[in-house]
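For reference, the structure is listed below as structure tokens.
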Amino acid sequence: MVRELGFDPIEQPFVREPRQKGVARADYVAFARRRLCLTPDRDPEVDSALGESWPLSVSQLMAVAWAPSGAAPPVPSAG
């Protein structure tokens, strides 16, 4: 999508440290609900949608950056 807007993105894969374990289910549901921009009354729905697949944890991520119009493209760091 970024390319379709005329930008030339730079992609940098990285690995994130594992998240802490032992988070209470209710706290995790509230966290997920806030990330989805939902109100607290939607907690039961979020809880149901999570099912037994919690806590979700993604360790391999991709950072995407692009230069604003007229600026030089960003230079990815080596680490």
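Rule-based calculations on the coordinates, nothing more; no lab input. None of the values given here were measured: they were computed from a predicted structure. Positions of Cβ are backbone-derived with ideal geometry, glycine not excepted, and every protein chain shown enters the neighbour counts.
Which residues, taken from segment 33-61, are basic (K, R) and more than 24 Å from R16 (Cβ to Cβ)? Explain how you work it out, then say what you get.
Initially, segment 33-61 is screened for residues basic (K, R), giving 33-35, 42.
Scanning segment 33-61 gives a single hit, R42.
Taking R16 and the conditions (1) over 30 Å from P68 (Cα atoms); (2) exposed (fewer than 12 other Cβ atoms within 10 Å of the Cβ); (3) touching a residue at least 24 places away in the same chain (Cβ under 8 Å), which numbered condition does it fall short on, given that it satisfies the others?
Status for R16: all satisfied but (1).
Within segment 32-55, track down each residue that is of a type in the set (V, I, T) and either exposed (fewer than 13 other Cβ atoms within 10 Å of the Cβ) or in contact with a Ser or Thr (Cβ under 7 Å, 6 or more places away or on another chain) (or both). Break it down into steps so the answer makes sense when it comes.
From segment 32-55, those of a type in the set (V, I, T) are 39, 46; that's our starting set.
Selection gives T39 alone.
Answer yes or no as to whether D8 is among the charged types (D, E, K, R) and in a helix (DSSP H, G or I). Quick ask: steps written out before the conclusion?
Values: among the charged types (D, E, K, R): yes; in a helix (DSSP H, G or I): no.
Judged against the criteria, D8 is not a match.
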